[in-house]
Amino acid sequence: MKERLVIFDTTLRDGEQSPGAAMTKDEKLRIARQLERMRVDVIEAGFAAASPGDAEAIRTIAETIKESTVCSLARANERDVRAAGEAIRPAARGRIHTFIATSPIHMEKKLRMQPDQVVDAAVAAVKLARQFTDDVEFSAEDAVRSDMDFLVRIFDAVIKAGAKTINVPDTVGYSIPELWGERFRTLLARVPDADKVVWSTHCHNDLGMAVANSLAAVAAGARQVECTINGLGERAGNASLEEVVMAVRTRPDVFGVETGIDTTQIVAASKLVSTITGYPVQPNKAIVGANAFAHESGIHQDGVLKHRETYEIMRPEDVGWTTNRLTLGKLSGRNAFRARLGELGIVIESEEQLNHAFARFKELADKKSEIFDEDLQALMSDEAVTPEVEHYKLVSSRFHSETGETPNATLTLTIGGDEIKTEASGSGPVDAAFRAIESVAKSGAELQLYSVNAITTGTDAQGEVTVRLSRAGRVVNGQGADTDIIVASAKAYINALNKLHGVAKLNPQIETL
Ligand code: KIV
Ligand code: ZN
């Protein structure tokens, strides 16, 4: 029997630390639901002490998610551990992940603490965390640059205090596989009662070796990998979940472990995270890149046609690729629509939501004769990004663009229920549309990112637009999809404004939009 490798996803915590990847509570919940559907073992939902918004998001995820363990990060101090404990309280299974830095440079320059004080703080944090849950994880931040004797000492102390998982992070992405594997072998041999806890690896990708280092740790005995969807994360990112999972699945001869992941949910998770964060996936990214299974050279194509395994070590459908599968058309009914959504793992919460989504599907089918799975996913993700209260709403639009003339946009919006007509010129129709919206919304927000992506192939494909706005230190990503990319752009801008408005309402100290 193969041993179980625990998959600990930190997209919602370390992943959110990527610049501009801040997520709203609803967005985090949508990702958490997809992670649960994918059967991730542990979801690190955030860092409760960081802000009331973070704590609230963790609490909501803890209330909703039933199949995965829900975890909050906490520094090794009383305030953080209590905040984490409160946030995970509603969880069916909750974990507190407490950490403190253990490298000489971090202890001396950042913490300004003596090693003895660091051990005492770690032990106290673990003991306090155990008052909230039996499932306590301890991390030695910057373990990669920590002294081995000190790591052995602190891990021994926190295991005695009740930690059940010991995480060894390469916080700065400095290691290489041979050394990282060696570090685990030494720890497993030297730490008393090492066999009573789960050893975990957490690698950053600064030298492009996060996945290789994580796998070296697994080969050396680690039984939990901390990772993120699409490798999202601080600086160059974290180890990518999809690469780790598919590596151990494809090479059981090397690793001899198995995960509980439903790999057919991987592509959907990747697309969701990319759409919500506005971080595109590079086409040649392993597993989830658009070209990951494309064979271009004649020799390869010939080989694959004769026998798939000549050039394919994994099957695209095993990770959830559905090659532009024609799904539904204009004449498809509500039942077919609902059934296909179910097959795609999209949950419809109510009859009202179904009716609304179906009406939008019919509108799309009028514009686009063939509806693919990707269109349905975009449509439903558009449904889900619509905030409960739409302060700003697009009613209608007209764009004018002609050689030799200045592009112009005329839009009708509702703002707080009042209908307003607005018009502006710009360097292009998208610029004109944004100026027109801004001239009446007067948000003062700064546009940080504008990106367009075609959802399927063909010139009638829907364009999916992400707009990142920042205001008063708060960053939001708005999304919009439409067969007309100017309309999709206007929708994305308005969606971002609604999110800023929602944030301002929750935090009145941020001037209301
Ligand atoms: O990279 C790191 O060290 C971390 C810890 C908090 C686990 O993210
Ligand atoms: Zn990290």
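The values are calculated or read from the model by the stated rules, or taken from the named source; none is laboratory data. Model, not experiment: these values are computed from the prediction. Glycine also receives a Cβ, built like all others from the backbone with ideal geometry; neighbour counts cover every protein chain displayed. Remember, those area values only see protein heavy atoms, side chains included, never the ligands or the DNA or RNA. Shrake-Rupley method; radii C 1.70, N 1.55, O 1.52, S 1.80 Å.
Counting other C-beta atoms within 10 Å, and keeping those with at most 13, which DSSP coil trypsin sites (Lys or Arg not before Pro) do you find in segment 86-150?
112
Rounded to whole Å and ordered largest first, report the semi-axes of the equivalent ellipsoid of segment 384-464 derived from its Cα gyration tensor (root of 5λ).
Its equivalent ellipsoid spans semi-axes of 22, 19, 13 Å.
Restricting to Cα atoms and excluding each atom paired with itself, what does the Kirkwood estimate give for segment 32-169 in Å?
After inverting the pairwise mean of 1/r, the radius is 15.0 Å.
Straight-line reach from residue 196: which lysines fall under 23 Å, measuring Cα to Cα and dropping same-chain residues less than 8 apart?
2, 127, 160, 164
Quick check on packing: order 250-262, 9-21 by the mean number of other C-beta atoms within 10 Å, highest mean leading.
Most protected by this proxy first, the peptides run 9-21, 250-262.
Taking all protein chains as present, what is the carbon and sulfur share of the accessible area of segment 188-250, in % to the nearest whole number, probe 1.4 Å?
51
Average the reciprocal distances over every distinct pair of alpha-carbons in the chain, invert the result, and give the Kirkwood radius in Å.
24.4
For segment 6-97, which whole-number percentage of the solvent-accessible area (1.4 Å probe, protein heavy atoms only) is attributable to carbon and sulfur atoms?
47
Skip the ligands, DNA and RNA, and give the accessible area per residue of the chain with a 1.4 Å probe, whole Å².
44
Please identify every one of the GluC sites (Glu not before Pro) in segment 386-448 that sits in a loop by DSSP and has no more than 11 other beta carbons within 10 Å of its own beta carbon.
Values: sites: 388, 390, 402, 405, 419, 423, 438, 446; in loops: 388, 390, 402, 405.
Passing sites in segment 386-448 are 388, 402, 405.
Could you tally the net charge around residue 95, taking each other residue with its Cβ under 11 Å from the Cβ of residue 95, Lys/Arg +1 and Asp/Glu -1?
Overall, the nearby charge balance is -3.
Within segment 355-495, what is the number of lysine pairs with alpha carbons under 26 Å apart, leaving out pairs fewer than eight places apart on the same chain?
Step by step, the pairs that qualify in segment 355-495 add up to 13.
So what does log10 I(q)/I(0) come out to for segment 121-221 at q = 0.12, 0.18, 0.21, 0.24 Å⁻¹, using the Debye formula with one equal point on every Cα and no solvent?
-0.36, -0.78, -1.02, -1.24
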